[in-house]
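Taken together, the values in this text are just the output of simple stated rules run on the coordinates, not laboratory data. None of these values were measured; they are calculated from a predicted model. Neighbour counts are summed over all protein chains in view; Cβ atoms, including those assigned to glycine, are modelled from backbone coordinates with ideal geometry.
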Amino acid sequence: MEEFQSVRGFHDLLGEEAKRFRYVSELIREKLRVYNFEEIVLPVVEYLEVFQRSIGEATDIVQKEMFSFEDRKGRRLALRPEGTAGAVRAYVQNRLYALKPYVKLFYEGPMFRYERPQAGRYRQFHQIGAEVFGTMDPLADAELINLVHEILLEMGIDVTIEVNSIGCKVCRPAHRDALIEYLSGVEGHLCDVCIDRRDKNPLRVLDCKVPTCKEAVKEAPKMLDFLCHECREHYSKLKEHLTNLSIPYRENPNLVRGLDYYTKTVFEAVSNELGITVIAGGRYDYLVEEMGGPPTPAVGFAVGIERLSMLLRSEPKEDPLYFLIPFGEVLDYALTLAKTLRSEGRRVEVSYRKGGLKKQLELANRLKADYAIIVGEEEKLGNFYTIKDLKTGQQIRVQPSPSL
Ligand code: ATP
Ligand code: MG
């Protein structure tokens, strides 16, 4: 029979990879908990327009990376390529702005982008994202960056945190004009995509990965030189907070993001080892209003879980595994013992194979057990069990319950 393969860009996560993935996810969720973010479980499918409107028509995601389709009734839907659009849609639809002066939400789940698969780039990948709705205060931006910094520090991942401000409605137009003019001057050095971007979305040219484009934009007019008073204040307060929080950061005046909704603060955590971005975020002060809600400033970030897992150097530590071997007519006793040990939180595997001690111990080793628990007639009668440390070979008798 024909054997099936998974779809290109879609992966099974198994073994150590799955463990690292779960470890990263849990570490971040714990961090979000102590920062008092509340979880929102969002749908994977939204109306295509939710993404077109928020992420922006002229972005890579909307132009070429979307998994969009029509349902049976001809409605245009899409698998979500990111989480913020859906979070904003939910915030507005559920009138979350009416509940609290500001709202801190996080989401976790698969995202879908039709990209060329390569290391650290998949068509289904996973993100955890956090969003703060309802405050202009740069303290919110700083706390998010601090949270990101703490996550990376705890994971032992060596990154540089890059920050920039890309301004607001007031100050962006002047920069845009200057940038378009500058880009026209260096047009000969730009790739075709960037020539096309120049008039539609000139900021995106600053983010192009093509070396000639990178070189060509080095001297481009910087948004920082165009910031209005409010944006400048916001940015300098943010930097002040970052300094007070002892967060090392680098200002990157060419940092922009691949989504149109950002304003003022943008930031990225870039791996020093691989040069890839693992966490990215920023402020989006107009998006809620553009999605039909009341004017509500907001700021957030998203973590690529696979990318972070890739950078994890040490294996996450696991609890010891106990391999329980029943000998003879003792299954009732053995299963009660397994139940007790498991209720104490221990990881217990009951042997599903028959065989002599040698064979069973071999099995224990192959299952990577740390201890074998041996239960025979004698153990049952005396209400104890024998535990063997599989590393040292040392064996002792134990009464059930008190810790092993
Ligand atoms: P890139 O510039 O690498 O394409 P992006 O700007 O498209 O990233 P965001 O939309 O900001 O990325 O998503 C935030 C994070 O999600 C990224 O920093 C990355 O860690 C992760 N990510 C984005 N796209 C993918 C993908 N195709 N596969 C795996 N992880 C991804
Ligand atoms: Mg991308």
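Observations on the model:
- Seen from all directions on average, region 172-221 presents a Cα convex hull projection of 2.9 nm².
- Ranked for footprinting exposure by Cβ neighbours inside 10 Å, fewest first, 61, 305 give 61, 305.
- Proximal charge balance of residue 201 [Cβ under 11 Å; K/R count +1, D/E count -1]: -1
- Top positive-direction residue, dipole computed over the chain with Cβ charges, set 84, 321, 267: 321
- Residue pairs, from the table 104/239; 19/388; 19/209; 358/380; 339/388; 339/368, whose Cα atoms sit over 24 Å apart: 19/388; 19/209
- Cα-based helix-to-principal-axis angle, 331-343 vs the chain, degrees rounded to 10: 40 degrees
- For residue 375, nonlocal amide neighbours, meaning residues 5 or more places apart or on other chains whose placed amide H falls under 5 Å from its own, are 325, 327.
- Between residue 192 and residue 290, the simple label model (points 7 Å from Cα in the Cβ direction) yields a spacing of 2.8 nm.
- The chymotrypsin sites (Phe, Trp or Tyr not before Pro) found in region 118-188 include none that occupy coil by DSSP while having at most 15 further C-beta atoms within 10 Å.
- Kirkwood-type radius of region 321-398, with distances r between different C-alpha atoms, in Å: 12.3 Å
- Between 0 and 90 degrees, the angle of helix 357-366 with respect to the longest Cα principal axis of the chain falls at about 10 degrees.
- Across all Cα atoms of region 223-338, the radius of gyration (one decimal) and Dmax (whole number) stand at 24.7, 82 Å.
- Residue order, fewest to most surrounding Cβ atoms within 10 angstrom, among 323, 67: 67, 323
- Residue 359 versus residue 219: modelled label distance in nm, points set 7 Å from Cα along the beta carbon direction: 8.0 nm
- Ordering 105-114, 337-346, 79-88, 170-179 by mean Cβ neighbour count within 10 Å, with the highest value first, yields 79-88, 105-114, 170-179, 337-346.
- Taking the Cα centre of region 323-404 as reference, the dipole from Cβ charges on Lys and Arg (+1) and Asp and Glu (-1) amounts to some 360 debye.
- Sites matching trypsin sites (Lys or Arg not before Pro) across region 355-404 that sit in DSSP coil, with at most 14 neighbouring C-beta atoms within 10 Å: 368, 391
- Loop chymotrypsin sites (Phe, Trp or Tyr not before Pro), region 335-404, which have at most 16 other Cβ atoms in a 10 Å radius of their Cβ (DSSP): 352, 384
- Calculated P(r) of the chain - Cα pairs past 28 Å, %: 58 percent
- Other residues within the sphere of radius under 9 Å centred on the Cβ of residue 117, judged by their own Cβ, net out at +3 (K and R +1, D and E -1).
- If the Kirkwood radius is taken over C-alpha pairs of region 50-91, then at 37 °C and 0.692 mPa s the Stokes-Einstein diffusion coefficient equals 303 µm²/s.
- Paramagnetic reach from residue 394 (point 7 Å along Cα→Cβ, amide N under 19 Å) across region 343-380: 369-374
- Folded to 0 to 90 degrees: helix 84-93 orientation relative to the chain principal axis, Cα: 80 degrees
- Structure-based [θ]222 nm, the chain - -39500 (n - 2.57) summed over DSSP H runs of at least 4, per residue, nearest 500: -11000 deg cm²/dmol
- Extension gain for residue 49-residue 69 works out to 6.0 nm (0.36 nm per residue, less the C-alpha to C-alpha distance).
- Cα centroid separation - region 156-195 against region 325-397, whole Å: 64 Å
- Mean projected area in nm² (Cα convex hull; one quarter of hull surface) for region 1-152: 12.3 nm²
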